[in-house]
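J.: The structure's right below; bear with me while I get my questions together.
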Amino acid sequence: MKALAVLPLALLGLAACASTTETNPSRTATEQLLLSRAADRAVEGLILPIPAGSRVFVDETYFRAESAPYALSAIRGALSEAGYAIAPNKAEADAVMEVRAGALSLEQMRRVVGLPEMRVPINESLNVVSIPELSIYSRRDRIGVAEFSGFLYEPRTGAPLGAVLPMTGDFRIRSHKVLMIVSWGQQTVDPGERDPGDSWRQF
């Protein structure tokens, strides 16, 4: 009898389960990596029209973009790599670099051989019906695009020291689909991966 009494408790213990809570950020990890890689590429080889070794203060007052902190750090990192010293404030700087973001966002392009996904109105009340994609072949590109520019001035007098020409970079991942079933190509960007590779060979 005791064994029978213990059996329901044992079954309850086996039936117990755990659950985890997942957050839902505004950007997926792949989207964030696309933006960060584009920012890194935009600032590659950054050179200023002032002597190497100059102390530069990066003024981010008018730099407005999603993922701005990463992009600004990439700019500072590129300046450091180029041999400039990063000044903590204007008073200690030989030059102020005021930076702005022309673009720091995502593009998506899809090419379809066949009929793309459509939304068709079915009555005067603007009700619509969704028709799924009916394609022989489709290709999807997700592209992170970054463009930064700015200008330099002398911190004490405000005299111009030169312009920072637009710095542009992009990073894309591409995937393919045949007959809406067979998919291949680079589906994601892995952390630490500098090049997504050839999308025709990636599975």
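J.: Using modelled backbone amide H atoms (1.01 Å from N, in-plane), which distant-in-sequence or interchain residues come within less than 5 Å of Ser54's amide H?
T.: Close amide H contacts, sequence-distant or interchain: Ala85.
J.: A further question on this structure: Calculated FRET efficiency, Tyr137 and Ile86, Cβ-Cβ r, R0 41 Å, to nearest 0.05? Provide the component values of the computation, followed by the final result.
T.: On the way: r = 49 Å, r/R0 = 1.20.
According to the calculation, E is roughly 0.25.
J.: Expressed in nm to one decimal, what extension gain is obtained for the pair Ser130 and Val113 from 0.36 nm per residue of sequence separation less their Cα-Cα distance? Spell out each step's value before the answer.
T.: Values: separation 17, 0.36 × 17 = 6.12 nm, distance 1.86 nm.
Extending this stretch completely gives an extra 4.3 nm.
J.: Could you give the length gained on full extension between Ala29 and Glu154, defined as 0.36 nm per residue of separation minus the Cα-Cα distance, in nm?
T.: Working: separation 125, 0.36 × 125 = 45.00 nm, distance 3.96 nm.
Using 0.36 nm per residue and subtracting the Cα-Cα distance, I get 41.0 nm.
J.: Please compute the per residue accessible area over segment 49-119 with all protein chains in place, 1.4 Å probe, rounded to a whole number of Å². It would help to have the intermediate numbers written out before the result.
T.: Working: 4080 Å² over 71 residues.
In whole numbers, segment 49-119 has 57 Å² accessible per residue.
J.: Expressed in nm to one decimal, what extension gain is obtained for the pair Trp184 and Val120 from 0.36 nm per residue of sequence separation less their Cα-Cα distance? Please list the in-between numbers first.
T.: Numbers: separation 64, 0.36 × 64 = 23.04 nm, distance 2.98 nm.
Contour length minus the Cα-Cα distance gives 20.1 nm.
The values are calculated or read from the model by the stated rules, or taken from the named source; none is laboratory data. Keep in mind the model is a prediction, meaning the values are calculated, not measured. Neighbour counts run over all protein chains shown; Cβ positions are idealised from the backbone, glycine included. When the accessible area is computed, the model is the full protein with side chains, heavy atoms only, and any ligands, DNA or RNA have been set aside. Shrake-Rupley method; radii C 1.70, N 1.55, O 1.52, S 1.80 Å.
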